[in-house]
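The values are calculated or read from the model by the stated rules, or taken from the named source; none is laboratory data. Quick caveat: nothing in here was measured; it's all calculated off a predicted structure. FYI the Cβ positions are ideal-geometry reconstructions off the backbone, even for glycines, and counts take in every protein chain you see. Ligands, DNA and RNA are excluded from the accessible area calculation, which covers all protein heavy atoms including side chains. Shrake-Rupley method; radii C 1.70, N 1.55, O 1.52, S 1.80 Å.
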Amino acid sequence: MTADYAQRVADDLSANRGEQERVRSELDRLQDELVRLGESEQVLTKMQDVLGGAPKQTAKQGKGHKAAAVPAARRSNAKTVAGKSGAAGRRKAAKKSASAKKPGDATWLELTTAYLGGQSEPRSAAEVSASLTEAHPERAVQVTVVRNALEQGVDKGLLERSKQGRSVFYSPAATVPAPSDS
């Protein structure tokens, strides 16, 4: 009978250790995923800043979420994650340098509002984009970036949006409010 109990205890102990190892590996995987998500957030925040959008904080950030302290021994994949993100960062930097806004260049919001200010009729995002491509060949103009800048102008009260069927047109606001730092 003692041998049976000893065998059960040994089996339970083995199962317990196996479960601990499984949970540790899952924890490592989740921590790696958290690191990747954090790096992705930084890249997206920088892209949002470059596009002229103010970063918006969500209500969940900073409330009730604490980073778990992890001993260095468990961060065995930190070098591989850093190596992968470094190569990706270099590729993104190379792309960005080709079309990045240089200091002193106007923002997309400034370019779009200035263009629409000189127009007598409302224009679509595609028309504004095409005109900005001609006016600024040194900058990579994308319709989605221009559309986001136009929507930002609408949000700030600098531009007005009108819809005709499925098409959206933009024009300068009748009364332009003073620019705010928000």
The stretch 119-176: GluC sites (Glu not before Pro) falling in loop per DSSP and having at most 16 other Cβ within 10 Å: Glu138
Whenever you get a sec, compute what percent of the accessible area on the stretch 119-161 sits on carbon and sulfur atoms (1.4 Å probe). 46
Efficiency of FRET between Arg161 and Val43 - r from beta-carbon atoms, R0 35 angstrom, step 0.05: 0.75
